[in-house]
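Throughout, read-outs are computed from the coordinates displayed, never taken from laboratory work. In this text, all values refer to a predicted model and were calculated from it rather than measured experimentally. Neighbour counts run over all protein chains shown; Cβ positions are idealised from the backbone, glycine included.
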Amino acid sequence: MSSVSRRALPGFRLGLGYTVFYLSVLVLIPLAACVFKASSLSWSEFLAAVWSDRAVAAYKLTFGVALVAALANVILGLIVAWTLVRYDFPFKRFVDALVDVPLALPTAVAGLVYASLYVENGWLGQFLVPLGIEAAYTRLGIVLVLVFTGFPFVVRTVQPVLADLDAEVEEAAAVLGASRWQTFRRVLLPTLIPPALTGFALAFARGLGEYGSVIFISSNMPFQTEIAAVLIVSRLEEYAYAEAAAIACVLLAFSFLLLALINFIERWSQRHG
Amino acid sequence: MDKVKRSDPAFVRYGLTGLTYGIVGVLVAIPLVAVFHYAFSRGLGTYFDNLFNNADTRHAIFLTMVVAPLAVALNVVFGIAAAWAIARFRFPGRGLLTTLIDLPFSVSPVVAGLLFVLIFGANAPLGEWLKDHGYKVIFAPPGLVLATAFVTFPFVARELIPVMEAIGPEEELAARSLGASGWQLFWRVTLPNIKWGLLYGVILCNARAMGEFGAVYVVSGRIGGQTDTIPIQVQKLFDTPGENGLPAAFALASVLTLLALVTLVAKVLIEPKLRAAEERPTEPEA
């Protein structure tokens, strides 16, 4: 326990007071203002704003692409985390460092370069477009940039768990006659599920709100490639502030639900770990 | 450790290693190389021309250099205050406060920008009052700082809380009992102890602040030469019709990419120092 009596060290009131003040001014009051603004609409106006055909299409697309990208990241993340922890190979440290690039690279740069790589005469598009795989300005493109922005999460949640695994457990399974695949499925996979789930939820949450990279690679067409964040911006540009706030509230509600879920998974896996 | 019983068949090992090269290559390495390839595709002269001979681009670079440090400074003061309160004391609501600090990470950047438009925008009471008194927040630099501070809010606090908890209060208690004042305590004991954690938080916070797009996009109004930051100007150049827009967009994007790479190198260099500071033996608790 590193806590001390409030009399032994100074600055408790100043520290806590400033923390609460800054948190309130910058985060809590603005969030309340958004709910307040949305509540200025009548119930039917609110429903009309958040449940129009165009809005529903945008939610479906947003959830769909974020979900597919997060699922893809679970598979890719497990492969990369396993390889980085278990094997030695040339440029291992370099590859490990590259995994963090999506956390540091501005999303606008990611969107710009992905949009340029997957067009017909781009580096990757020249091979993919003749095969009928068109990523630029399509939903596939949105999924691709979301896979990029969410890529580090599963790797970085699974990696430490995998590294801390006790070698004896696997050896015991092998001694008892389990095949390598059985050991993986019955012994290793159950311990990797909680961190993979946390990574999935983090990538999913990130994908729901992503904007910068998406607008570059998507054509942003209503009903087709318009995500919820783009819809909020177009409502704002029409000066429909209350409608924008209403859609934002829907997005916020889902984000906070996910945040609660992530906290729950973390606590659950700590108890059962 | 018995390597034999834990090792996978060779085809699995080579297969997964190959896949990892492929995944990291396609997702990260090729895009990184492509940024610089496209940026320099017309030679060094055009590259620097694109960066420095466009007044709007020059202003965007200047604005980012002003807005990002201000947002980082705000979050540094907050991060130190929050870490001091949370890591050194127990109080009711401590768990809730820790959760609330992470809240901005789960808010979409566009929504973050919208929050400030709703408060300080033209048709909001506070916005109108400020406008009548000659202050402009939205579509002006103050709004950019607020929106950027919001999206980077948790970075410094998140790094400092675990560092301060790991180091423990023993040295501070000793300094206090020897008669150190609050400020002496902070400058002579606490700050030297947390300096690597603080630097780490500042570097991550700054990278995100300089690259922020969604929140800034909404509050800036995208006025060329006035409220465009580097990422917004990248998008404008990308949308410019004709052949010159794309190389110019990539030239500017290469600056941000370089910043990201420097950030990652700094991160790799600081992480061992951070771990050493956290694991430093402290005196047993009384």
ask   = Which order results if B:210, B:65 are arranged by neighbouring Cβ count within 10 Å, fewest first?
value = B:65, B:210
key: Calculated diffusion of the stretch B:44-279, Stokes-Einstein form, Kirkwood radius summed over Cα pairs, 37 °C and 0.692 mPa s, µm²/s   = 167
task = Along each of the three principal axes of the Cα atoms of the protein assembly as shown, give the extent in whole Å, ordering the values from largest to smallest.
result = 68, 64, 56
note = The exposure ranking of A:114, A:239, fewest beta-carbon neighbours within 10 Å first, is A:239, A:114
query = In a shell of Cβ-Cβ distance under 15 Å around residue A:65, excluding residue A:65 itself, what net charge do Lys and Arg (+1) and Asp and Glu (-1) give?
reply = +1
query = Once whole DSSP H runs in chain B are found, which of them have Cα atoms spread over 18 Å or more along the helix axis and a mean Kyte-Doolittle score of at least 0.0?
reply = B:10-24, B:55-88, B:154-167, B:191-211, B:245-279
key: Simple spin-label estimate for residue A:163 and residue B:184 in nanometres, 7 Å along Cα-Cβ   = 4.1
remark   = Mean per-residue count of partner chain Cβ within 10 Å for B:217-230 equals 1
remark   = From fewest to most C-beta neighbours within 10 Å, the residues A:100, B:132, B:228 line up as B:132, A:100, B:228
inquiry  = Within 10 Å of each Cβ in A:90-101, how many Cβ atoms from other chains are there, averaged over the peptide?
reply    = 5
ask   = Counting each DSSP H run of 4 or more residues in the protein assembly as shown as -39500 (n - 2.57), what helix-only mean residue ellipticity at 222 nm follows after dividing by all residues, to the nearest 500 deg cm²/dmol?
value = -23000 deg cm²/dmol
inquiry  = Could you tell me the relative contact order of the stretch A:137-227? Use alpha-carbon pairs under 8 Å, at least six residues apart, and round to a whole percent.
reply    = 52
task = Would you mind working out the magnitude of the charge dipole of the protein assembly as shown relative to its Cα centre, with +1 at each Lys and Arg C-beta and -1 at each Asp and Glu C-beta, to the nearest 20 Debye?
result = 820
request  = Could you tally the net charge around residue A:90, taking each other residue with its Cβ under 15 Å from the Cβ of residue A:90, Lys/Arg +1 and Asp/Glu -1?
outcome  = +1
query = If packing is taken as the mean number of other Cβ atoms within 10 Å per residue, what is the order of A:154-163, A:19-28, highest first?
reply = A:154-163, A:19-28
ask   = Ranked highest first by average number of other Cβ atoms within 10 Å, how do A:213-219, B:270-276 line up?
value = A:213-219, B:270-276
note = Looks like the stretch A:1-130, by Cα gyration tensor root eigenvalues a ≥ b ≥ c and the a/c under 1.5 rounded cutoff (else prolate when a/b is bigger than b/c, oblate otherwise), is oblate
query = So how far apart, in nm, are the two label points at residue B:243 and residue A:221 if each is 7 Å from Cα heading toward Cβ?
reply = 2.9
ask   = Share of Cα-Cα pairs in chain A beyond 25 Å, in percent?
value = 60
remark   = Averaged over residues of B:74-85, the number of beta carbons from other chains lying within 10 Å of each residue's Cβ is 5
